[in-house]
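K.L.:
Sharing a structure with you now.
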Amino acid sequence: MTERPDFEALAAANRRDTWLLLLAFFGLLAVVSVSVSTALQAGIIGIVVALVISGGSSWMGYVQSDKIAIRSTGAQPASVEEFTQLHNIVEALSIAAGIPKPRVYVVRDAAPNAFATGKNPENAAVAVTTGLLDKMKRDELEGVIAHELAHIRNLDIRVMTVAVATAGTIAIVVDIFWRLLYFGGAGGRGRDRDDNGNPVAIIGMIAVAILAPIAAAMIKAAVSRRREALADATAVAITRYPAGLRMALEKLEADKTVVTRTSHATSHLWIETPDNHQSGRGRRFNDMFDTHPPLAKRIATLRAIEGLPPRQERTAP
């Protein structure tokens, strides 16, 4: 008999791990900031200025996050007359989730996919592709919509915005270091040979400057993977029917089409990241930066909830 996982325990563990990962983010930012300050001998003022500039840019991105996501994916408002069933599902599941009904959008694309965006439940939106509407049965569509509403209820967009903003701040601070180093800071071209700064600190900062953006990208992906797993658990709690989401994910796994208007910057929004369709050399390395758990793993968890045995994977002849 397949052991059923405890979704309440899974949700609690995901929340705890998410906050630990965010703390790791801020710790990494502190290391980068102190390293830059020491290497450039700029003092605290230079770092504060850099953080204010990058923080202001990140705040503007946060305020405009929903508009940016809608515009970048080409989503259009879904009319009630044309997409009556979609509106009915969103409204019913919003009541079950205990959140206001979000704005509803449609992306005219043959690939089945969906995403949610917005700063909070009062300013949120859900978008689905026409491919999803065409290929999913009602209970499967409900599973997908419940997953997206779970992101809204769990404030995942806010958490991911913090993660993306922190990663962006780290990238900006590192970029400032490289520019100052090139144009004369820390013993660069404009320094006298007798005033080369602290060479050990400079070497250490160069190492940090190379490794920090990679570490930030990996932490951001880990935060996103945790939020995706939590959204699956919350979706089951909303619908009380894990088979709907499980069958939807199985269809997404089998379908190889990819939404056309997407990028790596927005891949974490979709229920199935377009990055998962990459294959070939370097795929294992790219897995470290994936913003979603593997679909097979998510499906296996849902099958366990239903009490179904693990799937028998096909082996190549």
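The values are calculated or read from the model by the stated rules, or taken from the named source; none is laboratory data. Keep in mind the model is a prediction, meaning the values are calculated, not measured. Positions of Cβ are generated from backbone atoms using ideal geometry, with glycine treated the same way; all protein chains shown enter the neighbour counts.
K.L.:
Among the residues in segment 281-299, are any touching an Asp or Glu at 6+ places or on another chain (Cβ under 8 Å), of a type outside the set (Lys, Arg), over 25 Å from residue 73 (Cα atoms) and at pLDDT 75 or above?
P.N.:
Yes - at least one qualifying residue is present in segment 281-299.
K.L.:
Related question: Tally time: how many residues in segment 222-256 are over 26 Å from residue 99 (Cα atoms) and either at pLDDT 90 or above or buried (at least 24 other Cβ atoms within 10 Å of the Cβ) (or both)?
P.N.:
Number satisfying all stated conditions: 6.
K.L.:
Is it true that some residue in segment 128-146 is of a type in the set (Asp, Glu), at pLDDT 95 or above and surrounded by fewer than 22 Cβ atoms within 10 Å (Cβ to Cβ)?
P.N.:
Yes, segment 128-146 contains at least one residue that is of a type in the set (Asp, Glu), at pLDDT 95 or above and surrounded by fewer than 22 Cβ atoms within 10 Å (Cβ to Cβ).
K.L.:
Would you confirm whether any residue within segment 176-198 is assigned to a helix (DSSP H, G or I), among the small types (Gly, Ala, Ser), touching a Ser or Thr at 6+ places or on another chain (Cβ under 6 Å) and at pLDDT below 75?
P.N.:
no
K.L.:
Which condition breaks for residue 130 when tested against (1) without any contact (Cβ under 8 Å) to a residue 40 or more places away in the chain; (2) touching a Leu at 6+ places or on another chain (Cβ under 7 Å)?
P.N.:
Going through (1) without any contact (Cβ under 8 Å) to a residue 40 or more places away in the chain; (2) touching a Leu at 6+ places or on another chain (Cβ under 7 Å) one by one, residue 130 breaks only (2).
K.L.:
Could you list all residues from segment 224-241 that are closer than 17 Å to residue 297 by Cβ and either among the basic types (Lys, Arg) or out of contact with any Lys or Arg (no Cβ under 8 Å at 6 or more places or on another chain) (or both)?
P.N.:
224, 225, 226, 227, 231, 233, 235, 236
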